[in-house]
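Data first, discussion second: the structure below is written as structure tokens.
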Amino acid sequence: IGIIGKSGSGKSTLVDLIMGLLSPTKGDLLIDGINLKNTENYEQLIQWRKTISHVPQRIFLADSTIIKNIAFGLSNKDIDMKRIKMAAKKANIYEFIKNSPLGFNTLVGESGVKLSGGQLQRIGIARAIYKSSSFLVLDEATSALDIETESKIMKSIKNLNEKFTILIIAHRLKTLSYCDRIYEIKNGIISGIEYGTSRTFK
């Protein structure tokens with residue numbers, strides 16, 4: 001699912017509502033028929049949030065190894081290296097890691113300063129894949145990247161479609177070229193919907 005619109009149109013607010021980070025002032029948030037706006041459904045809201053992996057425009061990386069940043073928050077004994085490698089391959093970052101002198105033990109530096117923008121974003125995507133969430137949200141995750149790097153990342157994401165529901169927020173229509181459905185947001189309102197390969201938004 002793609003969401004497109006200009007800055008300030010309401011894209012990120014809509015996504016925060018969908019992720020259950022904001023409560024709607026009007027209307028309801030229904031997941032599998034359960035209204036998560038109701039306070040008595042708080043446990044279901046928490047469970048819904050756990051199904052989501054969020055990749056923002058600016059990825060937070062700890063000043064640690066690539067392993068620790070992909071399996072973020074886990075102790076060494078709980079890290080599954082087989083899953084780490086699988087996530088890195090699907091995020092199209094495995095070859096870079098393998099060719100680094102220290103491999104997965106390579107230090108990324110404070111806030112990922114030792115990585116390029118594309119490498120940093122791919123580690124963020126690998127982290128989301130490692131989490132094995134069923135719902136992946138990319139909130140303008142590639143907007144600061146050059147077209148070539150963005151294209152490589154989007155091709156990697158395309159290969160995840162069978163296992164994830166993917167919600168992509170973007171400024172550029174080309175970023176959403178692999179989406180099955182695109183919603184255009186204008187001034188906080190869904191003003192247009194496109195399906196399949198038809199793309200007419202300007």
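Nothing in this text is a laboratory measurement; each read-out follows from the coordinates by a stated rule. Small disclaimer: the values here were computed from a predicted structure and weren't measured. Cβ sites come from the backbone with ideal geometry, for glycine too, and all protein chains shown count toward neighbours.
Can you match Kirkwood radius over Cα pairs in Å to one of these, (1) 19.6; (2) 20.2; (3) 17.9, based on a calculation from the structure here?
Here Kirkwood radius over Cα pairs in Å agrees with entry (3).
Quick check: the distance between the Cα centres of segment 112-152 and segment 26-104, to the nearest angstrom?
If we compute the Cα centre of each part, the gap is 12 Å.
Applying 1/(1 + (r/R0)^6) with R0 = 45 Å to the Cβ-Cβ distance of Tyr178 and Lys114, what FRET efficiency is obtained, to the nearest 0.05?
Numbers: r = 30 Å, r/R0 = 0.67.
Step by step, r from the Cβ atoms, then E = 0.90.
Could you list the residues of segment 53-90 with an amide nitrogen less than 19 Å from a label point located 7 Å from the Cα of Lys98 in the Cα-to-C-beta direction?
66-67, 70, 81-90
Can you tally the net charge around Gly117? Count Lys and Arg as +1, Asp and Glu as -1, for every other residue whose Cβ sits under 11 Å from the Cβ of Gly117. Can you show the working numbers first?
Numbers: positive: Arg58, Arg122; negative: Asp146, Glu150.
Here the charged neighbours net out to 0.
Considering only the other residues whose Cβ falls under 15 Å of the Cβ of Ser7, what net charge follows from Lys and Arg at +1 and Asp and Glu at -1? Numbers along the way, then the final one.
Values: positive: Lys6, Lys11, Arg172, Lys186; negative: Asp139, Glu140, Glu184.
Computed value for this residue: +1.
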